[in-house]
Structure formats: C-alpha cells, structure tokens
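Worksheet for the structure shown next.
The values are calculated or read from the model by the stated rules, or taken from the named source; none is laboratory data. Note that the structure is predicted; figures quoted are calculated from it, not measured. We place every Cβ from the backbone using ideal geometry, glycine too, and count neighbours over all the protein chains shown. Please note that ligands, DNA and RNA were not included when accessible areas were found on the heavy atoms of the full protein model with its side chains. Shrake-Rupley method; radii C 1.70, N 1.55, O 1.52, S 1.80 Å.
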Amino acid sequence: MRRALTLPFRYLWAFPVTLLGLALVLPTLLTGGRVRIERGALEVYGGFTRFFLRRCLAITASAMCIGHVVLGQDRECLDQARDHEHVHVRQCERWGAFIVPAYALSSFFAWRRGGHFYYDNRFEREAYGLDR
Ligand SMILES: [Zn+2]
C-alpha cells in the first residue's frame, strides 16, 4: 500500500535520470530497435541501443538501467537481466539524480581499494545479491 502511494513521487524523483535513458528511444526506433513496458519500466532494445551497449561503455553490457528505462541488446538479454536491472530501478527511485555521481564514486572507491570498478561497485553488489 505504501509503495503504491509513493509511486508518483518515485517516478518524479528518478525522472532526471530517466530522461537520459529516454534519449536513446528515438535513435533505437529509427534503427530497427523496439520498446516495451515491463514491471513499470520502459525496455528499449536492439538497433542503436545494441550498438551503445556493445561499443560505447567501459565494458560490454547485455543490459543497463537508466532510471525507469532499461536498455538491452535484445529481448533475451532483457529477460535474463530483468531481476538485476530492477534492483537498479529501485536504486534510482531511492537516489534520484544522485545515483549518477554516487555510482561513479562507488566505482572509483572500489578501484582505489584494488577491486573491480564494476563488480565491486556497491550498487552492482546489491543488484547481484552479494550485500545482504
Ligand atoms: Zn548492474
């Protein structure tokens, strides 16, 4: 019940981050990609999004969350990563726009400790179920 009452606020709070993800919708649709809604998030896959996830990040990603937008190379990648990515959706709902610098700082501190910038990032560890 409480979660339902806070729903509009969570979408609004995460919206600055969601806007970044929405920027990929048109290029993806114009290059043969698709869009659908799953669990209250917009899933964007194929086309330009596949190129973005393969070539434009520090590591190749099968899927990625940007606010209430979940990017995937294809539908299968989204199906496999959905639980993980929705942990990130909830993180975005908690942190709002602060998720961007917080995520970057967590990667930096993980690297400074001698860990991996991705696998030892606290947000990723939570999404992988490692910090419970
Ligand atoms: Zn992740």
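Filtering region 2-59 to residues that are of a type in the set (Lys, Arg) and open to solvent by less than 90 Å² (accessible area, probe 1.4 Å) leaves ARG10, ARG36, ARG50. If the condition is being within 16 Å of the ligand (Cβ to nearest atom), open to solvent by 80 Å² or more (accessible area, probe 1.4 Å) and basic (Lys, Arg), then region 94-132 contributes ARG94, ARG122, ARG132. Condition test on VAL87, is it open to solvent by 60 Å² or more (accessible area, probe 1.4 Å) and touching a residue at least 40 places away in the same chain (Cβ under 8 Å)? When the stated conditions are applied, VAL87 does not pass them. Can you pull out every residue in region 20-73 that is out of contact with any Cys (no Cβ under 6 Å at 6 or more places or on another chain), within 16 Å of the ligand (Cβ to nearest atom) and at positive phi? Hit for region 20-73 is ARG39, nothing else. For region 74-93, the criterion of being more than 13 Å from the ligand (Cβ to nearest atom), β-branched (Val, Ile, Thr) and closer than 23 Å to ALA14 by Cβ is met by no residue.
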